[in-house]
1. For region 77-107: of the residues being surrounded by fewer than 14 Cβ atoms within 10 Å (Cβ to Cβ), part of a strand (DSSP E or B) and hydrophobic (A, V, I, L, M, F, W, C), which is modelled with the highest pLDDT?
2. Can you find a residue that is under 23 Å from Thr36 (Cβ atoms), at pLDDT 90 or above, touching a helix residue (DSSP H, G or I) at 6+ places or on another chain (Cβ under 9 Å) and not in a loop (DSSP other than H, G, I, E, B) anywhere in region 113-129?
3. Quick one: count up the residues across region 114-143 that are farther than 21 Å from Asn27 by Cβ and out of contact with any Pro (no Cβ under 7 Å at 6 or more places or on another chain).
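The values are calculated or read from the model by the stated rules, or taken from the named source; none is laboratory data. Just so we're clear, the structure is a prediction, and the values are computed from it rather than from any experiment. Neighbour counts are summed over all protein chains in view; Cβ atoms, including those assigned to glycine, are modelled from backbone coordinates with ideal geometry.
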Amino acid sequence: MQIFDTLDISATGLTAQRRKMTAIASNIANVDTTRTDEGGPYKRRRMVMLEAPKLTKFSAMLEQNRSRLTRTQGGHMLEGEPRPDEIFTGSGVMTQEVREEPIKPRMVYDPNHPDAREDGYVVFPDVNVVTEMVDMIASSRAYEANATVLSAAKDMINRSLEI
């Protein structure tokens, strides 16, 4: 792993946590939204963290062009050894948004509400503000951790340039 890989991974972590915070803020802002464009109450948004697809290293690509091993037949390679054009590295985190169907919607009796059903109950989103605040704190701490890693990597790069 090279120092620049650390910067890439931390940057994707920062982006993922920012997207998670945006989803949490949307959930909190819409805690009382009973009517959406899709119809029905607001559906809770949640970000799922996934490993980002593997990408080839730039240095590995340069090495491939310098070596003639890319033209070597597969039979000449050791069994189980990756070919030079199959060298991959992890590239961080990506997010995927999931809109959840409410497990048990919050029902409030308010016959005067414009979105009240015939029985007088209003269907509110199943968003728990306490849960969202806990998720927000965890996401904020993860964002801070990624920012700290990014800062430490930057300091190491600067110190190595002073040698």
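1. Across region 77-107, the extreme among qualifying residues is Met107.
2. yes
3. Of the residues in region 114-143, the ones farther than 21 Å from Asn27 by Cβ are 114, 116-121.
Remaining after also requiring out of contact with any Pro (no Cβ under 7 Å at 6 or more places or on another chain): 114, 116-119, 121.
Here the count works out to 6.
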